[in-house]
Structures are given as C-alpha cells and as structure tokens.
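Read-outs: derived from the displayed coordinates by stated rules, not from any lab. Quick caveat, the model's predicted, so the values are computed rather than measured. Don't worry about glycine lacking a Cβ; one is built from the backbone with ideal geometry, like all the others, and counts go over all protein chains shown.
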Amino acid sequence: MADEQGRGPAAPGRGPAGTVARKVGYGSGYALSHAFAREFGTTPGRYRGAAAEAGANSPRARASS
C-alpha cells in the first residue's frame, strides 16, 4: 500500500484509519489495517510506534537535543 505518489507506506500520523482507508480506496479502517499487516508484517499502529521511536533515536534527533 503505497502513498499517493507510490513511495511506500503512507506517512505515519496522517489521520484516523477509517479516514485514511477511504482516501486510499478501502471501505473501512479494519480493511486497511488488515491489508497493511499482510503487506508489511505489522499493524499501522505498531508501524507508527516503531517509526516514532526510530526517529527519536536518529543521529539528527540526538544532535538537536
């Protein structure tokens, strides 16, 4: 499930799953979450959490704190 430009998973934090689901052609947040997990091996919520954690631990984030 790529974002609108086909660059990979939609960026984290773009809104409620149901809203995002409808924007990308799914009928419900459940359907989007299920497809996301099948494609990427994790749920959207876990993906967001891991991305946020990775961002907080990046060299750029550490340098600015």
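Report the local net charge at Tyr30: Lys and Arg +1, Asp and Glu -1, summed over other residues whose C-beta lies under 14 Å from its C-beta.
Numbers: positive: Arg22, Arg38; negative: none.
After counting each charged neighbour, the total is +2.
Which value, in debye to the nearest 20, gives the size of the charge dipole of the stretch 17-64 about its Cα centre, when Lys and Arg are +1 and Asp and Glu are -1 at the Cβ? Please list the in-between numbers first.
Details: 7 positive and 2 negative charges, 22 e Å.
It works out to roughly 100 debye.
If you rank Thr19, Thr43 by fewest surrounding Cβ atoms within 10 Å, what's the result?
On the way: Thr19 11, Thr43 14.
With the fewest neighbours first, Thr19, Thr43 line up as Thr19, Thr43.
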